[in-house]
Amino acid sequence: MSETLSRDLLDRSATELVAALAARQVSAAELADQAIARIEARDGPINAVVVRDFDRARIAARAADAALARGERGALLGLPMTVKESHNVAGLATTWGFEHARGFVAPEDAVGVARLKAAGAVILGKTNIPVSLADWQSANPIYGRTRNPYDLSRSPGGSSGGAAAAVAAGMVPLEFGSDIGGSIRVPAAFCGVFGHKPSFGLIPSRGHAPPGVDGAGIPLAVVGPLARTAADLALALGATAGPDHPDAKGYRLALPPMRRTGLADYRVLILDAHPLAAVDGEIRAALDELGRGLAKRGTYVTRSSDRLPDLAKAHEVYGGMMGVAMSRGGPEPSKATAHEWMGLLDGQEMVRRAWAAFFQEIDVVLAPVMGTVAFPHVVVGPDTANGLRIDGQPTPYFAQLAWPGMATLANLPATAFPIGQTRAGLPIGAQVIGPYLEDLTTIGFAGLVEREFGGFVPPKL
């Protein structure tokens with residue numbers, strides 16, 4: 001295979017690459033070698049792929065080629081990809097950036113990773129994260145800092161920052177991250193790619209936990225894909241979604257199809273203001289332009305709804321739950337009582353019911369993923385309480401949790417997708433939020449927007 005063809009293939013979508021592999025236009029071994037070469041050539045200043053497993057990946061690629069030669073097919077058969085460091089991969093380090101976990105090696109694959117492998121994916125390695133997955137940057141004392149491929153002086157997002165950077169830089173076509181506070185959606189927006197936060201529980205999260213923690217998860221956290229097209233999100237979702245054992249004995253996955261088939265059929269609420277979080281003017285302008293474009297194509301677009309849940313009250317519940325969740329596995333666990341936790345769960349259920357009523361009138365919500373685009377690297381601490389600047393004004397750093405938290409608290413699906421660029425050439429992303437378990441609606445809507453208005457624009461590397 002020629003060098004030119006290799007480059008062209010690596011820039012294609014995961015869906016196209018799987019088809020090329022099945023048609024024997026390229027071998028899995030060749031594709032893995034080319035992806036490895038790209039990582040080695042491009043990752044130095046970016047520092048996205050921090051745990052590399054190239055030898056085993058080459059063995060897996062040869063096995064995929066043998067399967068393809070036998071006529072076997074799989075959703076991801078022979079496709080090279082990476083996964084976020086926080087997912088257990090048998091034989092590789094899982095540290096969550098904790099210094100005390102530096103020597104931990106996962107004994108077995110996380111469920112999501114096992115399903116990716118079962119679908120034929122070739123895992124090249126793992127991508128960078130912040131400590132405890134608790135930042136919108138991706139830096140830790142073990143692997144160092146990941147940088148945004150559009151501007152190395154800026155964050156790629158977090159906590160799946162290495163994941164989004166690797167996809168945007170063309171090192172891999174597909175990634176597998178996680179999200180509790182925008183950790184898939186914020187990096188996707190900062191790096192101009194697509195990312196999907198699934199409905200809670202849709203993809204089992206077993207094997208995605210701090211080192212030494214194994215048991216019940218937090219009813220906020222999810223795992224899910226990042227890619228350069230909306231269709232690739234659906235491809236990865238199909239390969240990984242479904243009940244874990246023992247639930248699989250009695251339950252089967254049957255997601256409803258997209259609510260609507262064309263943009264002209266959708267009822268859309270655009271939400272570009274939150275009582276607790278500011279939004280940059282360029283993001284609001286991009287959302288407004290998208291709204292006008294949708295209206296021209298016949299979409300019903302509104303800016304208000306009497307059924308919209310109380311966002312400030314919902315965020316209070318979300319903040320309480322996040323305080324407990326993010327302390328798990330760390331040196332300072334939360335002191336919340338059992339009754340306080342149950343009260344938070346009650347509050348979460350009330351918010352879920354309110355969103356369910358809202359989606360009887362509206363199909364999807366379009367909103368910022370975060371109130372800012374990729375920001376310059378900062379050191380988060382007591383002195384950076386107002387460490388972000390939006391429209392030139394200082395703003396509380398973690399107040400921005402309000403934007404991704406809307407979907408997270410209510411367990412709703414949310415798909416991040418690119419909608420433009422700033423005057424400085426930085427990606428602008430939005431999220432489309434939909435009803436519980438209607439993941440194909442949010443991914444599908446993002447795909448319709450991608451088709452009509454354009455999608456991923458690669459960085460100038």
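Assorted remarks:
- The Rg/Rh ratio of region 36-174, with both radii computed over alpha carbons and Rh defined as the Kirkwood radius, is 0.99.
- Overall dimensions of region 328-433 as given by Cα atoms, namely Rg and Dmax in Å: 17.2, 50
- Dimensions (Å) - region 1-90, Cα atoms, principal axes, largest first: 38, 33, 21
- Share, in percent, of DSSP beta bridges within the chain that are antiparallel, nearest 5: 70
- FRET E, pair Arg297, Ala66, Förster distance 35 Å, beta-carbon r, rounded to 0.05: 0.15
- Under the convention that each Lys and Arg Cβ holds +1 and each Asp and Glu Cβ holds -1, the size of the dipole of region 316-461 around its Cα centre is about 420 debye.
- Solvent-free Debye scattering, log10 I(q)/I(0), computed from the Cα coordinates of region 94-135 at q = 0.27, 0.29, 0.32 Å⁻¹: -1.02, -1.06, -1.10
- Basic side chains Lys and Arg get +1 at the Cβ, acidic Asp and Glu get -1 at the Cβ, and with that the dipole of region 87-229 about its Cα centre reaches some 240 debye.
- Modelled label reach - Glu99, point 7 Å along Cα→Cβ, region 139-164 residues with backbone N closer than 13 Å: 140-143
- Which of Leu448, Val222, Gly212, positive extreme of dipole for the chain (C-beta unit charges): Leu448
- Relative contact order of the chain, defined on C-alpha pairs under 8 angstrom at six or more residues apart (%): 16
- Cα-based convex hull, region 193-245, per residue volume (Å³, whole number): 88
- Global form of region 121-203, assessed from the alpha-carbon gyration tensor, a/c cut-off 1.5: rounded
- Given (1) 36.0, 142; (2) 24.0, 74; (3) 20.6, 64, the label whose value is Rg and Dmax of the Cα atoms in Å derived from this model: (3)
- Nearest-10 value in Å² for the accessible area of Lys117, using the 1.4 Å probe: 80
- With helices as the sole contributors, the chain gives -11000 deg cm²/dmol at 222 nm; each DSSP H run of n ≥ 4 counts as -39500 (n - 2.57), and the sum is divided by every residue.
- Between region 31-66 and region 192-240, the Cα center-to-center distance that results, in Å: 22
- Checking the Cα-Cα distances for Lys126/Lys249; Lys126/Lys197; Lys84/Lys460 against a 21 Å cut-off, the pairs over it are Lys126/Lys249; Lys84/Lys460.
The values are calculated or read from the model by the stated rules, or taken from the named source; none is laboratory data. Since the structure is predicted, the reported quantities are computational estimates derived from the model, not experimental observations. We place every Cβ from the backbone using ideal geometry, glycine too, and count neighbours over all the protein chains shown. Keep in mind that these areas ignore ligands, DNA and RNA; they rest on the heavy atoms of the full protein, side chains included. Shrake-Rupley method; radii C 1.70, N 1.55, O 1.52, S 1.80 Å.
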